[in-house]
Amino acid sequence: MDQQLNKIIEKLLSDYQQGKIDQLKVISKIKDIYFEDIGFAKVDHHRTMRRGFPEVVFGQNKTDEQVIEIACKIREYSGLLLITRTCKRVYKKLSAEIPDLKFSPEANIIYTPLGKELDLTEGITVICAGTSDIPVAEEAAITSYLMGNKVEKIYDVGIAGMHRLMHYRQQLQKSRVIICVAGMEGALPGVVGAMVGCPVIGVPTSVGYGASLGGISALLTMLNTCSPGVVVTNIDNGFGAGYTAGIINRGTDIKS
């Protein structure tokens, strides 16, 4: 569980025992931890308890003000913050409220970096077929990192130059889970799945010429792979792949 939420609960119990707050105040605060209704959104503070990771803000189609208010509410109960599909403008505005943030221009993500003293779990490798796939790969990598993982990255190793991919064969075989991001025809996850013994998460991207159909061609290729052990996310869903890889890499105890 997020240490910040642990401390909030411990302080509530301590303050109640010492008579600093009454029962109604404790109940009110616990209700907020379940979820907090702010009108246009119901912020799920309880998600950290259920999933071991706080609610993630999907920035697309939200106003700057909505993203900022949701983010500030999340930070009241969590030391972690992740906002996907956002922009530098929102980052600059939000930094005035929350100073310890970083912005990834490649992934268009705002996040709180982990402490340097934290021991990260090894085992996740993120690879992508081409340079144009890097934004989705970075979304996956940052998500897995925030879940406490050390993430290795191998970019621009598409099947048009198989020798590039084969160069990293030993590194790939040491992985516990591989996120494989590809557009165009989307064949890379199937090839990687044939090379390794760990789960492979295929992420189709919307990169490609007209007949790629905005990533549908890559999606269908990945879904029809004959390599066992390959599962597939939605088109451009680096976040979903990163989150799933994070759960796989830390084991089945999602509440740890």
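The values are calculated or read from the model by the stated rules, or taken from the named source; none is laboratory data. Keep in mind it's a predicted model, so treat the numbers as computed, not measured. Quick reminder, even Gly has a Cβ in these numbers, built from the backbone with ideal geometry, and neighbours come from all protein chains shown. SASA here: full protein model, heavy atoms, side chains in, ligands and nucleic acids out. Shrake-Rupley method; radii C 1.70, N 1.55, O 1.52, S 1.80 Å.
Cβ-Cβ distances below 6 Å connect the following pairs, each with a first residue in the stretch 202-219 that is in contact (Cβ under 8 Å) with a residue 24 or more places away in the chain and under 12 Å from ASN237 (Cβ atoms), a second residue that is of a type in the set (Ser, Thr, Tyr) and open to solvent by less than 30 Å² (accessible area, probe 1.4 Å), and a separation of six or more residues or different chains: VAL203/THR233; GLY215/THR205. Candidates ASP64, ASP100: the one that is of a type outside the set (S, T, N, Q) and open to solvent by less than 30 Å² (accessible area, probe 1.4 Å) is ASP64.
Which of the residues belonging to the stretch 119-138 are closer than 17 Å to GLY202 by Cβ, open to solvent by 10 Å² or more (accessible area, probe 1.4 Å) and not in a helix (DSSP H, G or I)? ALA129, GLY130, listed by residue number.
The lone criterion from (1) modelled with pLDDT under 90; (2) part of a loop (DSSP other than H, G, I, E, B); (3) open to solvent by less than 80 Å² (accessible area, probe 1.4 Å) left unmet by GLN4 is number (2).
With respect to the conditions (1) modelled with pLDDT under 90; (2) exposed (fewer than 13 other Cβ atoms within 10 Å of the Cβ); (3) within 30 Å of VAL200 (Cα to Cα), PRO105 falls short on a single one, namely (1).
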